[in-house]
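Participant: My structure is below; once you've seen it, I'll send some questions.
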Amino acid sequence: MSSALLSTRSLSVQIGTCRVVESLDLEVEAGQFWGILGPNGVGKTTLLKTLAGVHPPAGGSVRLGNQPLASLSRRAIARRLGMLMQNTQYAFDARCEQTALVGRHPHLKPWSRESRTDRALARQALSDVGLGELSERSCMDLSGGESRRLALATLLVQDPAVLLLDEPTNHLDPANQVGILDVLVGKVRDRQKAAVMALHEVNLATCYCSHALMLFGDGRWEAGPTQELLNEDNLSRLYRCPMRLVDDGRQRVFAVAASP
Amino acid sequence: MSDTRRFGLIWIGLLVAVPGSLLLAASWGSSGWIWPWTQDGSMSRIIAELRMPRAIAALIVGSLLATAGCLMQVLLRNPLADPYVLGLSGGAAAFALAGMMFGLVWLPMPLLAFVGAFLTMILVFVLAHGRGPWSTTRVLLTGVVIASGWGALISLMLATGPDASLRSMLYWLMGDLSYASLSPWWLVPVTLGHGLLWLRARSLNVLSGGVLQAALLGESSRARFWEIYLVASLLTGLAVSVAGAIGFVGLVVPHLMRLVVGADHRRLLPAAALFGGAFLVVADTIARTVLSPRQLPVGVLTALIGVPLFVLLLNRAVRIRG
């Protein structure tokens, strides 16, 4: 028995012939915010999908709390685990509030309607992601960044204990990137949730993630607290290009090293 | 106007539209306009034995097709999907016709039509999916090609079949309610079916976000999709076995209703079922009256309305998706 909300036991993940991870043992506990780092095409999305149970593992298992993910129904999973996908496309016109309310689906019986509380939750989520003004707008008329934030609002309305986030900051301007990560970190810390997030931007990981998982692209991986794991050596190895730590006394930032 | 009030008015309008359309069908005919209750003798018999059973058939077929359209649009995540455009109606008609021609009379025609529709659905989805990603154009193209394939088979059967029944067969294939009659008792199972379907309405909302999104929100999406495949084929098969291949009802009606009540299937399904029924009753009444004593197949009329709308929608969809 462990206190982890989400854990893996010697998990191996493949997509096509590409090995994403081999024998991954991960314990994601309440209050932890994990960042998955790795070069493009290394399989970050596939790993997240495997953790969500929508991509079959090549070996090993994923556990949600004390239960193997494979033994749970989709509905039971969706109440405790949610995922923000990289792209969300809406096919039909619907108001933003309506779209966010879809997140209540796993919590409702087939015949029951969304309650007043559910609606309040949806409005709160929309204003959390900065879309409070647009709750009456159609989801088809949103910009890339806005529809990204709408997808995140849907996830917040679903309100799972484990949040899987695939590049949540894509398409967002700096202010919104920070705004959204602040909201997510707040949820993880105050409500004792756990988050696993795939990221391109190392410096967002150093700012927001308590832990990091590095994927090297050949099945090798390294995991640990961000402070210990993210350093010049490891990152240079990870991205296969020289990375340098720049410190101006107020902030430490990783950057691609300028050629001499 | 508040939402509650607006939807109240819409529901009253839709609920009035159904008896209203039936009244129109009873009152209007080749002999001009008459009020049903002022008549006696032969005219009442015409109304009770000819016009009403035909109007009820139109009502039921219209609501089946509109509902099938809603379901297929969720499957494809595309407002252009329709049982006629994608060849389901063609498959159902070809199977039903083959059954008649090869003397498979012990098999009920709705069953044959269902099998035809279901096979077409599977065929279209397997061919259109292939290895690549979904694309609107590809699915529509596959559907259209399969539909014309069924059309060719049907022509072959007609060409080799007996001449005597050619005209009625042709009419039936165009979508014709002249020989259709259903007793009002049919409304009971149809209403019950819609009630059951309504319990899945929120799942449909989730499924219209795509397979993956639906799985993440707690739908066992594979099972749900098979359910929809089956139900949409069943509805199409039933409609075709009553009235032949009536086109575009499944396209026009859900589209209009989505504009009126929104994309939430808990509203869209009942609204489309009611309006689809009333729409087809009115269309059929016009079709049998406007060129009287000649009777047009109602499919001609629905196509005349549906084709321009389809082109308009396609144009919009291409603009949005690029």
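FYI, it's all coordinate maths here, none of it is from the lab. Since the structure is predicted, the reported quantities are computational estimates derived from the model, not experimental observations. With ideal geometry, Cβ positions are generated from the backbone for all residues, glycine too; neighbour counts draw on all protein chains shown.
Participant: What residues have an amide H closer than 5 Å to that of A:HIS55, excluding those fewer than 5 places away on the same chain, when H is modeled at 1.01 Å from N in the peptide plane?
Facilitator: When sequence neighbours closer than 5 places are left aside, the close amide H contacts are A:THR50.
Participant: Need the C-alpha centroid separation for the stretch A:95-167 versus the stretch B:259-292, integer Å.
Facilitator: That distance is 32 Å.
Participant: Based on alpha-carbon centroids, what's the gap between the stretch B:50-114 and the stretch A:188-260 in Å, whole number please?
Facilitator: 58 Å
Participant: Identify which of B:VAL188, B:VAL16, B:VAL249 has the largest mean-square fluctuation in a Gaussian network model of chain B, with springs joining Cα atoms closer than 10 Å.
Facilitator: Answer for the Gaussian network model of chain B: B:VAL188.
Participant: Straight-line reach from A:LYS109: which aspartates and glutamates have a Cα under 17 Å away, not including same-chain ones fewer than 8 places off?
Facilitator: Once the sequence-local aspartates and glutamates are set aside, what remains near A:LYS109 is A:ASP118, A:ASP159, B:GLU219, B:ASP264.
Participant: May I pose another question? Quick one: check the C-alpha center-to-center distance for the stretch A:1-66 versus the stretch B:115-186, whole angstrom.
Facilitator: Between the Cα centre of the stretch A:1-66 and that of the stretch B:115-186, the gap is 47 Å.
Participant: Continuing with this model, one more query. With both partners inside the protein assembly as shown, how many of the DSSP beta bridges are antiparallel, as a percent to the nearest 5?
Facilitator: Bridges in the protein assembly as shown are about 60 percent antiparallel.
Participant: Which aspartates and glutamates, if any, have their Cα less than 19 Å from the Cα of A:LYS44, not counting same-chain residues under 8 positions apart?
Facilitator: List returned: A:GLU22, A:ASP25, A:GLU27, A:ASP166, A:GLU167, A:GLU201, A:ASP218, A:GLU222.
Participant: What ³J(HN,Hα) values, in whole Hz, does the Karplus curve 6.51 cos²θ - 1.76 cosθ + 1.60 give for the stretch A:23-38 when θ = phi - 60°, with x put for Gly and Pro?
Facilitator: Going residue by residue, I get 6, 7, 10, 10, 10, 9, 9, 4, x, 9, 10, 9, x, 9, 10, x Hz, with x marking Gly and Pro.
Participant: Continuing with the same structure: Compute the relative contact order of the stretch B:165-242 as a whole-number percentage, counting only Cα pairs closer than 8 Å that sit 6 or more residues apart in sequence.
Facilitator: Reported as a whole number, the value is 26 percent.
Participant: As a test of the formula, what do you get for chain A when each DSSP H run with n ≥ 4 contributes -39,500 (n - 2.57) and the sum is divided by the residue count, at 222 nm and rounded to the nearest 500 deg cm²/dmol?
Facilitator: Helix contribution divided over all residues of chain A: -9500 deg cm²/dmol.
Participant: Under 8 Å for C-alpha pairs, at least 6 residues apart: give me the relative contact order for chain B, rounded to a whole percent.
Facilitator: 33 percent
Participant: Okay, next question. Return the single residue from A:LEU156, A:LEU108, A:LEU184 with maximal mean-square fluctuation; model: Gaussian network over chain A, springs between Cα atoms under 10 Å.
Facilitator: Between A:LEU156, A:LEU108, A:LEU184, it is A:LEU108 that shows the largest mean-square fluctuation.
Participant: Treating cross-link reach as a plain straight distance, find the lysines whose alpha-carbon is under 24 Å from the alpha-carbon of A:LYS49, omitting any fewer than eight places away in the same chain.
Facilitator: Output for A:LYS49: A:LYS187, A:LYS193.
Participant: Follow-up. Quick query: amide H of A:LEU81 versus all other amide H atoms, modeled in the peptide plane; which residues come in under 5 Å with a sequence gap of 5 or more or a different chain?
Facilitator: A:ALA161, A:VAL162
Participant: Determine ³J(HN,Hα), in whole Hz, for all residues of the stretch B:273-280 in sequence, where each value follows from phi through the Karplus function 6.51 cos²θ - 1.76 cosθ + 1.60 and θ = phi - 60°; x replaces Gly and Pro.
Facilitator: These are the phi-based 3J(HN,Hα) values: 5, 5, 5, x, x, 4, 4, 6 Hz.
Participant: Report ³J(HN,Hα) in whole Hz for each residue of the stretch A:234-246, in order, from the Karplus equation J = 6.51 cos²θ - 1.76 cosθ + 1.60 where θ = phi - 60°; Gly and Pro get x.
Facilitator: 4, 5, 5, 5, 5, 8, 6, 7, x, 10, 10, 8, 10
Participant: In the stretch B:69-166, which trypsin sites (Lys or Arg not before Pro) fall in coil by DSSP and have 15 or fewer other Cβ atoms within 10 Å?
Facilitator: B:ARG131
Participant: For A:ILE15, which sequence-distant residues (separation of 5 or more, or a different chain) have an amide H within less than 5 Å of its own amide H, given hydrogens modelled in the peptide plane?
Facilitator: Under 5 Å from the amide H of A:ILE15: A:VAL20.
Participant: Longest exposed-loop-site-free stretch of chain A, with GluC sites (Glu not before Pro), DSSP loop and at most 16 other Cβ within 10 Å?
Facilitator: After excluding every exposed loop site, the longest remaining stretch is A:1-135.
Participant: Further question on the same structure: Please identify the longest segment of chain B free of exposed chymotrypsin sites (Phe, Trp or Tyr not before Pro), where exposed means a DSSP state other than H, G, I, E or B and no more than 11 other Cβ atoms within 10 Å.
Facilitator: That gives B:107-322 as the longest site-free run.
Participant: For the stretch A:4-229, what relative contact order do you get, as a whole percent, if you take Cα pairs closer than 8 Å and at least 6 residues apart?
Facilitator: 31 percent
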